[in-house]
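Here's the structure, in structure tokens; my notes come after.
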Amino acid sequence: MSHDDRAVVVVEKSSGVGGFLTGLLLGAGIALLMAPRSGEETRAMLTDRVRRLRDAAEEGLDDLQDMVGDGYERAKATVEKKIDTARRSIDQKREGARSVVDAGRAAVRSARDELERRLAESRSGESDDENA
């Protein structure tokens, strides 16, 4: 027998509601085959097991909805927090830029005023020289 001719066993691991439901159905089927009960007792037992199965499925679904809802709320809160942080950062940078622009405007006004003053002094000095 070569290496390629050997039997291979594949084991798949699953979890969650599907595995639970499969086990529950198999257990119910085996119990039906093995237990000597009357038809009425069997129907009552099946009704009870179906009810419990439905309740378990509903509970599992509720848990899943809660998990999804909680995950959504956490993600939403995280995104909102990051947006708020980004907005604050943008506002701070905007204020910083305004301060720089305002300081630049003030410097330009001051420089213009100084230039105009010197020009006026220079012109008055020229006219004094011309009159003399």
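Each value in this text was obtained by applying a stated rule to the coordinates, not by laboratory testing. All figures in this text were calculated on a predicted structure; none of them were measured in a lab. FYI the Cβ positions are ideal-geometry reconstructions off the backbone, even for glycines, and counts take in every protein chain you see.
Averaged over every viewing direction, what's the projected area of the C-alpha convex hull for the stretch 15-131? Give it in nm², one decimal, please.
11.5
The length gained on full extension between residue 103 and residue 55, counted as 0.36 nm times the residue separation minus their Cα-Cα distance, comes to 10.2 nm. The phi-based Karplus calculation (6.51 cos²θ - 1.76 cosθ + 1.60; θ = phi - 60°) puts the 3J(HN,Hα) values of the stretch 99-114 at 4, 5, 5, 4, 5, x, 4, 4, 5, 5, 4, 4, 5, 5, 4, 5 Hz, whole numbers, x for Gly and Pro. If R0 equals 35 Å, the separation of the Cβ atoms of residue 121 and residue 95 corresponds to a calculated FRET efficiency of about 0.35.
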